[in-house]
Amino acid sequence: MLEELIRAVSAAAGLTPEQAALAVAAVLRFFTARMPSALVGELHERLGTRLQAGAAARPRDPNPPQPPRRLP
């Protein structure tokens, strides 16, 4: 469901999927900090995310950055 939300935000706001993922993560962190834990837990359960050290888990990046290549 999280990927569906990211796609919806991307399409509605004209953002790249990467930008939309960052926006969704920011909103999840905001809710985690300000909503009752029972609601936050339900939200994360339905989205398929998990909490890490009291903060919203960031959505998985489909193209994580690669380490720089060493020149021969």
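The values are calculated or read from the model by the stated rules, or taken from the named source; none is laboratory data. Every value quoted in this text rests on a predicted model; they were computed, and no experiment measured them. No Cβ is skipped: glycine too gets one built from the backbone with ideal geometry, and neighbour counts run over all protein chains shown. In case anyone asks, the SASA skips ligands and DNA or RNA and just uses the protein heavy atoms, side chains included. Shrake-Rupley method; radii C 1.70, N 1.55, O 1.52, S 1.80 Å.
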**Q.** Protein-only accessible surface order, largest first, of Met1, Met35 at 1.4 Å
**A.** Met1, Met35
Q.
Test of understanding: express the Cα radius of gyration of the range 1-46 as a ratio to 2.2 N^0.38 Å, with N the residue count.
A. 1.19
Q. Listed highest first by mean packing, meaning other Cβ atoms within 10 Å per residue, what order do 11-18, 27-34 come in?
A. 27-34, 11-18
Q) To the nearest 10 square angstrom, what accessible area does Arg7 show with a 1.4 Å probe? A) 150 Å²
